[in-house]
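A.B. asks: Just passing along the structure, written as structure tokens.
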Amino acid sequence: QVQLVESGGGLVQAGGSLRLSCAASGRTFSMYAMGWFRQAPGKEREFVAAISYNGGRTYYADSVKGRFTISRDNNAKTVTLQMSSLKPEDTAVYYCAATYLATTRSMDEYDYWGQGTQVTVSS
């Protein structure tokens, strides 16, 4: 079982940067692919980025490609989302999630979720 706790959200001006972190507990973190999702008010939760269990592959939503970077440290049991050139439309609650082995963009295939962290980008 994996427990996830996000941190690093906050208020930032458009064009700025934020770094989100997700701390995981559990002995088998290195066997899980990890993803970041976000949900804006009144909208459905959407895929942002994912990283394979060993960090060898990464995937991004088109809307964040080139601006966001996902990475992981299996020794520290953390996954990070570095966000730059932020836009007001990036405003959302960001969630970290874990899925066993297979890297996927599909929210339904993630087994464990964090509680979320709010990111607000002002114009």
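The values are calculated or read from the model by the stated rules, or taken from the named source; none is laboratory data. The structure displayed is predicted, hence computed values, not measured ones. Note that each Cβ is placed from the backbone with ideal geometry, even for glycine, and that neighbours are counted across all protein chains shown. These area figures cover heavy atoms from the full protein model, side chains too; ligands, DNA and RNA do not enter into them. Shrake-Rupley method; radii C 1.70, N 1.55, O 1.52, S 1.80 Å.
A.B. asks: Tell me, what is the percent relative contact order of the chain, built from C-alpha pairs under 8 Å that lie six or more residues apart?
C.D. replies: Relative contact order comes out at 36 percent.
A.B. asks: Now for a different question. With r as the distance between the Cβ atoms of K43 and S71 and R0 = 30 Å, compute the FRET efficiency 1/(1 + (r/R0)^6) and round to 0.05.
C.D. replies: 0.70
A.B. asks: Another question, if that's okay. Could you provide, to the nearest whole Å², the per residue accessible area of the chain with probe 1.4 Å?
C.D. replies: 51
A.B. asks: Please report the carbon-and-sulfur percent of the accessible area for region 1-49; probe 1.4 Å, protein heavy atoms only, DNA, RNA and ligands left out.
C.D. replies: Here it works out to 46 percent.
A.B. asks: Next question. Could you order D73, D62, D90 so the one with the most accessible surface comes first? Probe is 1.4 Å.
C.D. replies: Greatest to least solvent exposure: D62, D73, D90.
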